[in-house]
1. Below 10 angstrom from the Cβ of ASP144, what's the summed charge of the other residues (Lys, Arg +1; Asp, Glu -1)?
2. Which order do the peptides 182-193, 318-329 take when ranked by the mean count of other beta-carbon atoms within 10 Å per residue, highest first?
3. In the range 311-377, which GluC sites (Glu not before Pro) are in a loop and have at most 12 other Cβ atoms within 10 Å, using DSSP for the loop call?
4. Quick one: which of 275-283, 260-268 comes out on top by average Cβ neighbours within 10 Å, and what's the full order, highest first?
5. Give, as a single signed number, the net charge of other residues whose beta carbon lies under 9 Å from the beta carbon of GLY202, with Lys and Arg counted +1 and Asp and Glu -1.
6. For HIS190, what is the net charge nearby, where nearby means another residue's Cβ is under 9 Å from its Cβ and Lys, Arg count +1, Asp, Glu -1?
7. In Å and on Cα atoms, what radius of gyration and Dmax does the range 134-258 show?
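Here, each number is a calculation from the coordinates, and none is a lab measurement. None of these values were measured; they are calculated from a predicted model. Glycine gets a Cβ as well: all are built from the backbone with ideal geometry, and neighbour counts include every protein chain shown.
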Amino acid sequence: MAGHGLARCRSIPKDAKTAPGSGYLSTIWGGECRRVRSSARPVTTAVELDGRPKGIPMRLYSRALPTRIVAALSGCAIAGVALVSCADDTNDTGDTDMADTSGETGGDADEHTHDDDGEHAHDDDHADDHGGDDFGHVHGLGVDGDTLYIATHHGLFTWADGELTRSSEDDHDFMGFTMVDDTTFLASGHPNSRDDLPANLGLLESTDNGQTWETLSLSGEVDFHALDAKHDVIFGFDSGTAQLMRSDDGENWDSLGQVPMADLTISPDEPDTVLVTTEDGPRRSTDAGQSFELVADGAHVLLLIDWPRPDELYGVGPQGVVHHSADGGDSWEERADLGERPQAMTVAPDGSIYVALQRSIVVSDDGGESFSDVYTW
C-alpha cells in the first residue's frame, strides 16, 4: 500500500485569495508555499510541518472545495485537483492528525525533482553500497515467500537472504505498487532516468516479478497513488484528478467521482466492497465505489489499510498506531504503537504485517501486538 505523511497548513501567501472557491489545502513533505494549477481556478497550497497559523481553521479547505478533494497519498500529494511537485528528500519531522491531510508534494514533469546530477545511476543490481538510502521514499510493500518487495521513489528492490537487490533496470518512482499474484505486479508513478516515457506512467504491469514493466493503459494521463486488485477487478486513485477509478481488465476504466482518501483496499470475498481511509475514519462502499459511508461513528483515523482475509483488516494511523478489525471494519482495536509516521504497509499471505517507517522496515508475527526490524538503513 501507499506511503504517506501529514502536515498542518501554517502560512498562506498574503496575495492569495481567501474567498470560497480559492481553496487552501495542507500538504506533506513540503515546507513551502506554492501556487499550482487547477482545471477550474488557481489553487494555493500552503505547506509547513510544524503548525498552523492562528485564525486559520484546521478545515478551512472544506469551505473552499465542496467535495474536499484532499488526500494523503503514496509519497506525493495532490492539492485540490492540481498536482504539485514531488520532493526527492524525506522530511522526518512532525506527525499530525488526519484532519490536515494531503500528500507529499508530487509531480508535474517539469517539477519532478531528481538527484543533483539529474539522473539515478546504478552500476549493478545490488544496492548494498547505499542500502535504503537509495529508496528516497518507500511507496509500497509486497511479500512472496521469503522475498520482500520494496517499491520506492527510485525503483523496485527485493530483500531476501540478507541482501538488498534492485529488481528492474527501470528506476521508476513506483506508486501504488500491488501484487496481483506471485509473478504479476501492478504499479503507477513517474519515470526517473528514462526520457522516452511521459511524466505520468498510467497503469503498469509486470508478469516477471517486477523485472520488466509494460504499460497497460492511461499512459501520460493518470498517476495512481493507491491501487488494489482482487477478483480480476482493479480500483485506483488518480492523484491528479482525485478520481476513484475502476477497471475489469486494466485497459478500460470507469471514473467513480472524486473521493478524498489516503489508501484503499478491496474485500477478499466481495468484489464490490471497498474500504478507503479518510480524515474522518474508514469509509466503506458496497456498490463498487459508487457511494461511501463511514464504517462507524468515532472510528479511528487510519492512513494505510490492508484487507488480507474476510472480516480481518489491519491499518496504521498517521502517527504509527496499528489497528486491527475482526468484523470487516465495523469496529477496531489498537495494537502496537510504532511511534512514527508510516510510509507503506502490507499483510503477507502468512499473516505477517510489514510496515515501512522512515529508516526501517518492521514486521509483526503476532497480529500487530509487537514488531521487530526486518531491514534498517
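1. Within the 10 Å Cβ shell, the charges total -3.
2. 182-193, 318-329
3. Working: sites: GLU312, GLU333, GLU334, GLU340, GLU369; in loops: GLU340, GLU369.
Answer in residue order: GLU369.
4. Taking the mean over residues of other Cβ atoms within 10 Å, the ranking is 260-268, 275-283.
5. Computed value for this residue: -2.
6. Taking every Cβ under 9 Å from that of HIS190, the sum is -2.
7. For the range 134-258, the Cα-based Rg and Dmax read 13.7, 44 Å.
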